[in-house]
Each structure stands twice: as structure tokens, then as C-alpha cells.
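Shown next, in C-alpha cells, is the structure this report addresses.
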Amino acid sequence: MRTPIVRAAALGAATLMIAAGCGTDEEVTDDAAAPPAEAALTLVTGVYPLEWLAQEIGGDSVAVVQLTEPGAEPHDLELTGRQIAEVSEADIAFYVEGLQPAVDEAVDQEAAETALNVADIVELRPATGAHGHDEDDDHGHDHDHGHEDEDDEHAEEDGHDHDHGDYDPHFWLDVELMTETAEALAERMGEVNPDGADQYQEGAERVTAELATLGEAYESGLASCEHREVVVGHTAFTYLTEQYGLEQIGVSGVDPDTEPSPAQIAAITDIVNERDITTIFTEPLMPAATADTIAAETGAQVEVLDPLEGVTDQSPGDDYPSIMLGNLDALSTALACE
Ligand SMILES: [Zn+2]
């Protein structure tokens, strides 16, 4: 009997977080987890950045069902029968193909008509880009130019369990792709509920302006940095590192459940030492043990870089924009940006 109570509490917390992000804390009530009766449409999604877009654009007129519980790692999501029914019943199934196999499958089987797949809206990067790190040899690979070459260089490097398929789904770390997605979502919401079309359009414009501001902060914040190496656990940051000319170095074990081998840890330790890297990034939803080991051997610090797959206690903010800015702070400190 404990599970439903825990789950209800968790959902309540999620609602509270969203409400806090919108500055409407007063609206939080005990039954906030239930979709508001007056919602004109329901939308189901499985990952936080999509939930944020839906809330920002739809406001009170959309009931957003988040399939991933707060604090849970979204990749390995498994759906209950009730959740599959929620996918089936929602007016819009808003997802990014390749992120969560369980969601892909539920949408295919239950919601083909109502699906809004980000992979159909934006051009996702090839998945090999997500694994474009160098863990075994050739520490000094050319990172000053030719990012485009990385896909070829690492095309055969697919020994990771964290297999998203052909495309890297972590698009939300690119604010321009978020903007394209916001516009497509507003349009779809307007088709489902024409009475709200103007409101959704306004919501999309507000979101777009906010995303543009974030993009400008990143452009100027990362324009002039002493270092370019971003050492992370889960190589979720390709959209960010490629956009701003940084180099993502994954500590392998990109699947949170996979422990990197001693050889992989040693290889990363060498890179950190050779390049005077000051910071090893870890993620809120992943154990920090490997990062701690490397830090202990190199004198580097361990800091959080949030892939925004969920909002947690350790996230450097409580919503998409604040976490993006928190990440920018962490990056500009680690990379010694001006
Ligand atoms: Zn991921």
C-alpha cells in the first residue's frame, strides 16, 4: 500500500516545483496531482524539458501528465498499465523518440494519432555524436577544429549500453532546438483546442524570448575561456558542447548503471592531468563515485552539470531556465571563462 502514497507525494512535489517555477505557489493544493477539471487538453510526456515547455505554453488550460517520477532517471522508465492508459487517453503524446524505449513503444501502440515526436520537429544529432569521447587511446585528438569529423572518428565506437538508437535525444540543451519545438507544440495545442490557440501562441512567444535570452547568456558566457574540456559521466551534453565549441569527454559508463573499468578511469585521469582540467562534472541523478576517484587522483574538483533530464534537489535551479543558467555558471567557472 505504500507505493501509491509515495507516488502521490512525489507528484505533489513535481506540481509544486512547476508552480514555483511559474511563480504561482499559491495555487498548489493537496489534490494538485490530479489534472485540473477545467483543463482544455491533456498532454503526456516522459522527460522534464518537454513538461516545462507544455506548462509554459499551455498554462492552466493544459493538464500535463509526467510519466517519470521526480528524482528518477528517465532513460530506464518503465510504464505501469495505468500510465500506458494515460498515454492512450492524452490529447497529445509529447516525446522525443530514442530517449525512453517504454514511451516509444507505448506511443507506437496506443497514441500514433496523437503523437508529437520532437525527432519529427527538429534535426537531431546522430547518436555517435553523443558518444564522441575518447576513452582508450589517442588522448591528444584534434579538438581545436573539425567537430564534424567526430562522428566518423568514433563511428565504430558503440560499446555503450546507453544506446539511444540512431539519434541523440538530448536536444533540449540547445535553446534553438527548444524554440523550434515550442513553436510546433503551440501549433499542435491550437489544433487540438482552437479556443486556446492565441494563448498558446503567446505562450510560445514568451518561451522563445526566454530561450533567446538564455542563448545570448551562453554565447557571451562561453565566448572566451581558457579551457574547452568538459569532463562528464553520461555524455548527454553534445548539443551544448558542439554548439559552443567545447569538447565533451565522457568518463565512459554513460549508462548510469555501468561502472567504468579501471583502465577507463586511468585514461580519463591521464587526460585530466595532461590538460590541467580543473573540474570533473557529475550529474544529480548519477552516483559520483567515479568522478570522486578521478578528482582524488588529479586534484580536480567535482561539480554538478545537470543534463536537465529531471529537476532534483541537487539541480542548480528549480526549472529549465534557472538550471540552464546554473550550468552556465558551473561551466564558466570550470573552463575559466572571462
Ligand atoms: Zn541521457
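Taking label positions 7 Å along the Cα-Cβ direction at both E259 and A223, the computed distance is 4.6 nm, reported to one decimal. At q = 0.13 Å⁻¹, what log₁₀ I(q)/I(0) does a Debye calculation on the Cα points of the stretch 35-122 give, no solvent, two decimals? After summing over all Cα pairs, the log10 values are -0.36.
Assuming R0 = 30 Å, can you tell me the calculated FRET efficiency for the pair D166 and E38, based on Cβ-Cβ distance, to the nearest 0.05? Result of the calculation: an efficiency of 0.15. Rounded to the nearest 20 debye, the dipole magnitude of the stretch 35-122 is 140 debye, with +1 charges on Lys and Arg beta carbons, -1 on Asp and Glu beta carbons, and the Cα centre as origin.
Each reported figure results from applying straightforward, stated rules to the coordinates on display, with no laboratory input. All of these numbers come straight from a predicted model, not from anything done at the bench. Note that each Cβ is placed from the backbone with ideal geometry, even for glycine, and that neighbours are counted across all protein chains shown.
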